[in-house]
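Inspection log for the structure reproduced underneath, given as structure tokens.
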Amino acid sequence: MHRSCAARAAALLRFPFSSLAVALVAAACGAASPSAGTSLAVPARARHAPPLAAERPEAPPTAEQVLAAYVDATGGRAARDGLVAMRMHGTFTIEKLGISGPMDVIMEAPGRARTTIDLGRLGRQEQGCDGDVAWQKSESGVRILSGAERDRALRTSTIHNELLWRQLYKSVVLVGDAQIDGRPAWKLALTSPDGEIEHRYFDKQSHLEVASERTITTERGAVAALNRVVAYGQFGPVRMPKTIRQTMQTGLEITIAVQDVEWNPPLPPEAFQPPPARAQGMRQ
């Protein structure tokens, strides 16, 4: 039942090094499909903050300003100039199952990526995109993604996608105030061209993204998850999430911990293509 858990977990995690790692946990872990319009409940500490009657509210920023502040807080646009490829090593842990293993991610502009997760008895899971064809590989074979799954894979395979939100989303709006762990945050809603909506929370003081929530459609139905950034780390010129904890709608928790990041490593184009050895077993 849990053999392809890791393979379902990569598509809900949005951050560049993990965004390919939830449609790779939910279905195989027995996640029940929510009814239409249902999403994972945000903890009370992450809900909208009540207005303070005694304070005169300041004019809120625009969604564009919130995202620009995040880019600045993580190194700025200039720090990302010339960084066109990345290799990341980390660990992927499913606490409830007591299982942990290595997770490797490679990314290259303009839209190529590959994530590999090895969780021992749960098997080896991979997801990749060569800029056009998006695919998943598990012990059951290779599956070519289509529709909303393919579109999502193309978005999350874009390195430095925080700079390209105008191209990746049809709308980005500021929803309002929120509280994350007792700290004020801005809540943004980002809608993809295929209609998927994700909410992201940005700390008002540090300007860092501290949480996100989304419900996506996979081959096994709708899957909801809440992602929390536990810690950031400095990886070369860019500040990135170092530890992310994801809670699935079933209560299953997944932790991704980044160990090191290499910028601009040589990456052969074939590294992003569907595995040719299993091409005959590919399924849509």
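Bear in mind that the values in this text are calculations on the coordinates, not laboratory data. Note that the structure is a prediction, hence the values are computed from the model and not measured. A quick note on method: Cβ atoms are made from the backbone with ideal geometry, for glycine too, and the neighbour counts reach across all protein chains shown.
How far is it, in nm, from the label point at Asp194 to the one at Glu253 when both lie 7 Å from their Cα along the line to the Cβ?
That separation, rounded to one decimal, is 3.1 nm.
Mind checking which lysines have their Cα closer than 23 Å to the Cα of Lys96? Skip sequence neighbours fewer than 8 apart in that chain.
Lys242
For Thr91, Thr115, what's the fewest-to-most ordering of other Cβ within 10 Å of each Cβ?
Thr91, Thr115
Would you mind putting 205-215, 158-168 in packing order, based on average other-beta-carbon counts within 10 Å, highest first?
Final packing ranking: 205-215, 158-168.
When only C-alpha pairs under 8 Å and at least 6 residues apart count, what is the relative contact order of segment 149-258, in percent?
It comes to 13 percent, rounded to a whole number.
Under the classification rounded if a/c is under 1.5, otherwise prolate if a/b is larger than b/c and oblate if not, where does segment 127-202 fall, given a ≥ b ≥ c as square roots of the Cα gyration tensor eigenvalues?
Prolate.
Between Arg183 and Gln205, what is the label-point separation in nm under the 7 Å Cα-to-beta-carbon projection?
0.7 nm
Three principal axis extents, largest first, for the C-alpha atoms of segment 55-133, in Å?
If we take the Cα atoms of segment 55-133, the spans are 57, 36, 23 Å.
For Val173, Val223, Val261, which order do you get if you count the other beta carbons within 10 Å of each Cβ and list the fewest first?
Exposure proxy ranking, most exposed first: Val173, Val261, Val223.
With the Cα gyration tensor of segment 90-246 in hand, give its eigenvalues times 5 under a square root as the equivalent ellipsoid semi-axes, listed largest first in whole angstrom.
The three semi-axes for segment 90-246 are 26, 20, 16 Å.
Just want the ordering: Lys204, Lys137, Lys187, from fewest to most Cβ atoms lying within 10 Å of their own Cβ.
Listing Lys204, Lys137, Lys187 from fewest to most nearby Cβ atoms yields Lys204, Lys137, Lys187.
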